[in-house]
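Visitor: First, the structure itself, so that you have it in front of you.
The values are calculated or read from the model by the stated rules, or taken from the named source; none is laboratory data. All values reported here derive from a predicted model rather than from experimental measurement. Reconstructed Cβ throughout: ideal geometry from the backbone, glycine too, with neighbour counts over all protein chains shown. Calculation scope for accessible area: heavy atoms of the full protein, side chains included, ligands and nucleic acids excluded. Shrake-Rupley method; radii C 1.70, N 1.55, O 1.52, S 1.80 Å.
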Amino acid sequence: MSMIEIEQVSKWYGQFAVLTDCTTHVNKGEVVVVCGPSGSGKSTLIRCVNGLEPIQQGTILVNGMTLTDPKTNLSKLRSHVGMVFQNFELFPHLSVFDNLTIGQIKVLGRSKDEAAARGLKMLERVGLKAQAEKYPGALSGGQQQRVAIARALAMDPICMLFDEPTSALDPEMVTEVLDVMVELATEGMTMMCVTHEMGFARKVADRVIFMDHGRIVEDAAKDDFFGTPRSERAQLFLSKILHH
Amino acid sequence: MSYSWNWGVFLSPTPSGSGTYLGWLLQGLEWTLLLSLGAWVIAFVLGSLLGVLRTVPNRWLAGLAAGYVEAFRNVPLLVQLFSWYFVLPELLPRGLGDAIKQSDPLIQQFIAALLCLGCFTAARVCEQVRAGLQSLPRGQKNAALAIGLTLPQAYRYVLLPLAMRIVLPPLTSEFLNVFKNSAVASTIGLIELSRQGQQLVDYTAQPYEAFIAVTLLYVLINVCVMFGMRWVERRARLPGHREGQ
């Protein structure tokens with residue numbers, strides 16, 4: 001069963017086409033990695049999946065709900081879809097603990113105790129329970145991103161979206177974030193990840209999508225993609241990022 | 001120049017016999033404080049609301065707030081005050097207008113000055129709050145929406161608390177301006193601090209003492225405001241960020 005269905009989606013900024021006729025899907029329990037050169041529209045596509053960016057054409061379904069339908073309660077839908085951003089986007093005026101509980105309390109209506117228990121459990125899971133009382137400004141980039149993942153998990157998401165989660169990190173912090181993501185993937189979380197971490201893709205992805213100039217150029221099972229990508233563009237991209 | 005200084009004038013009794021000239025000044029100070037603090041509450045609440053409206057993705061609401069700002073920022077304060085005091089009662093339905101005109105003149109003057117200063121300053125607060133909101137990284141709004149907060153919740157719990165911290169220093173200036181601008185209320189007859197000073201000159205012919213005292217009282221108010229706002233700034237500083245960052 002498809003968790004995310006993207007059907008013939010197109011998007012323009014004025015005259016400029018950012019996405020052209022994109023069609024793909026993410027099945028329940030599947031891990032799909034989206035890669036491609038910068039400016040190819042991969043981040044835009046993933047932001048469209050929880051309605052942070054409007055689309056001009058096509059339909060997106062998440063867990064059977066149509067995003068483009070004006071009757072859909074977008075906030076409610078988003079509360080079930082975890083999202084992790086390139087620049088972490090923790091709320092700097094709230095402690096780590098409050099970052100983890102605010103959504104649970106204000107959106108899911110959980111009690112403070114309930115939210116605290118769930119928040120601390122997620123924090124423990126990413127190995128940062130000791131940092132609960134600190135503020136985001138006092139944490140390293142890798143720690144902040146792990147807190148951001150914990151914040152998303154605390155909402156008990158049905159799937160997770162990652163928008164280049166390791167691109168803004170110092171090299172030595174990439175691993176700690178990827179480890180958390182690998183663990184999530186092996187537990188069966190449905191994930192759509194925009195990333196250049198091909199090692200991560202090799203390890204846990206079921207499928208790899210390659211985008212260029214706003215189009216989905218390649219949508220293949222992992223082994224096919226890393227074996228012999230059909231498109232020349234994807235071959236070139238892989239040769240560039242794998243040989244350095 | 002032969003001017004005979006007489007600092008004792010403040011303690012001499014007024015013509016009515018009840019109280020001293022110092023008492024007059026303190027009465028004026030009371031009205032200035034009441035008027036300015038009241039106007040600041042209006043300005044802060046209304047200005048914040050308008051500042052939010054200017055940034056929401058709705059053309060009508062944003063346009064409405066922009067229109068408000070242009071109207072209240074481009075008309076001289078004195079003209080606005082006369083409009084509130086002399087023109088507004090004429091524009092209201094006859095019954096209501098007459099009721100206003102027959103009420104206690106002091107109340108009329110105070111309400112007109114309060115609304116005038118509040119609405120004028122709100123336009124300026126609005127622009128600062130808008131600037132603060134627009135200076136936030138776009139990702140903060142996305143992150144707030146992504147955990148399922150509605151747009152009003154995102155403003156309430158994430159965007160406004162951050163924007164307000166950024167615009168605290170310019171807001172302090174506006175707060176100070178309210179006290180100084182409140183002197184225009186003397187033109188419609190409200191006996192606030194500056195008007196009391198003038199009255200003192202008329203009765204005692206000691207202009208230097210009177211105006212020095214009035215000036216010092218304004219400075220005293222503003223020093224208190226400044227220290228108060230500095231305290232707020234210190235309290236609200238984002239943890240883990242150094243001063244000046």
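Visitor: Can you pull out the residues in region A:101-125 that are at the interface with chain B (Cβ under 8 Å from one of its Cβ atoms) and either surrounded by fewer than 23 Cβ atoms within 10 Å (Cβ to Cβ) or at pLDDT below 95 (or both)?
Guide: Hits for region A:101-125 are A:Ile102, A:Lys106, A:Val107, A:Leu108.
Visitor: Still on this model: Taking interchain pairs and intrachain pairs at least six residues apart, which have beta carbon atoms under 8 angstrom, with the first residue in region A:155-178 and closer than 17 Å to B:Asn142 by Cα and the second of a type in the set (Ser, Thr, Tyr)?
Guide: Listed by first residue and then by second, the contacts come to A:Met155/A:Ser79; A:Met160/A:Thr190; A:Phe162/A:Thr195; A:Asp163/A:Ser43; A:Glu164/A:Ser43; A:Glu164/A:Thr195; A:Pro165/A:Thr195.
Visitor: Further question on the same structure: Condition first: surrounded by 12 or more Cβ atoms within 10 Å (Cβ to Cβ), under 21 Å from B:Ala163 (Cβ atoms) and touching a Pro at 6+ places or on another chain (Cβ under 7 Å). Can you find one or more residues in region B:112-128 that meet it?
Guide: Yes.
Visitor: Ok, one more. Going through region B:165-186 one residue at a time, which ones are of a type in the set (Val, Ile, Thr) and within 13 Å of chain A (Cβ to nearest Cβ)?
Guide: B:Ile166, the sole residue that qualifies.
Visitor: Follow-up. Name, by its number, the condition in (1) open to solvent by less than 40 Å² (accessible area, probe 1.4 Å); (2) in a helix (DSSP H, G or I); (3) within 29 Å of B:Leu49 (Cα to Cα) that does not hold for B:Ser173.
Guide: (1)
Visitor: So, in region A:40-58, how many residues would count as being open to solvent by 10 Å² or more (accessible area, probe 1.4 Å), under 13 Å from A:Val9 (Cα atoms) and within 14 Å of another protein chain (Cβ to nearest Cβ)?
Guide: Residues meeting the conditions: 5.
Condition check ((1) farther than 22 Å from A:Asp98 by Cα; (2) away from chain B (no Cβ under 12 Å); (3) open to solvent by 10 Å² or more (accessible area, probe 1.4 Å); (4) modelled with pLDDT under 95) across all residues:
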site: A:Gly127; (1), (2), (3), (4): no, yes, yes, yes
site: A:Ala130; (1), (2), (3), (4): no, yes, yes, yes
site: A:Gly137; (1), (2), (3), (4): no, no, yes, yes
site: A:Ile149; (1), (2), (3), (4): no, yes, no, no
site: A:Ala154; (1), (2), (3), (4): no, no, no, no
site: A:Cys159; (1), (2), (3), (4): yes, yes, no, no
site: A:Ala168; (1), (2), (3), (4): yes, no, yes, yes
site: A:Glu172; (1), (2), (3), (4): yes, yes, yes, yes
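Visitor: Of the residues in region A:70-100, how many are away from every other protein chain (no Cβ under 11 Å) and either within 17 Å of B:Tyr155 (Cβ to Cβ) or touching a helix residue (DSSP H, G or I) at 6+ places or on another chain (Cβ under 9 Å) (or both)?
Guide: Of the residues in region A:70-100, 1 are away from every other protein chain (no Cβ under 11 Å) and either within 17 Å of B:Tyr155 (Cβ to Cβ) or touching a helix residue (DSSP H, G or I) at 6+ places or on another chain (Cβ under 9 Å) (or both).
Visitor: Quick one: count up the residues across region B:146-164 that are buried (at least 17 other Cβ atoms within 10 Å of the Cβ), part of a helix (DSSP H, G or I) and facing chain A (nearest Cβ under 7 Å).
Guide: Summing the residues that are buried (at least 17 other Cβ atoms within 10 Å of the Cβ), part of a helix (DSSP H, G or I) and facing chain A (nearest Cβ under 7 Å) in region B:146-164 gives 5.
Visitor: For the structure I just gave you, tell me whether B:Arg195 is touching a helix residue (DSSP H, G or I) at 6+ places or on another chain (Cβ under 6 Å), of a type in the set (D, E, K, R), in a helix (DSSP H, G or I) and under 29 Å from B:Gly23 (Cα atoms).
Guide: Criteria met by B:Arg195.
Visitor: Further, regarding this structure: Go through region A:198-216 and report how many residues are farther than 9 Å from A:Cys35 by Cβ and either open to solvent by less than 60 Å² (accessible area, probe 1.4 Å) or part of a helix (DSSP H, G or I) (or both).
Guide: 10
Visitor: Among the residues of region A:17-33, are any within 14 Å of another protein chain (Cβ to nearest Cβ), surrounded by fewer than 24 Cβ atoms within 10 Å (Cβ to Cβ) and either out of contact with any Ser or Thr (no Cβ under 6 Å at 6 or more places or on another chain) or touching a residue at least 12 places away in the same chain (Cβ under 8 Å) (or both)?
Guide: No, the conditions are met nowhere in region A:17-33.
Visitor: For the structure I just gave you, tell me whether A:Ile241 is out of contact with any helix residue (DSSP H, G or I) (no Cβ under 8 Å at 6 or more places or on another chain) and either within 14 Å of chain B (Cβ to nearest Cβ) or on the phi < 0 side of the Ramachandran plot (or both).
Guide: Answer is no for this residue.
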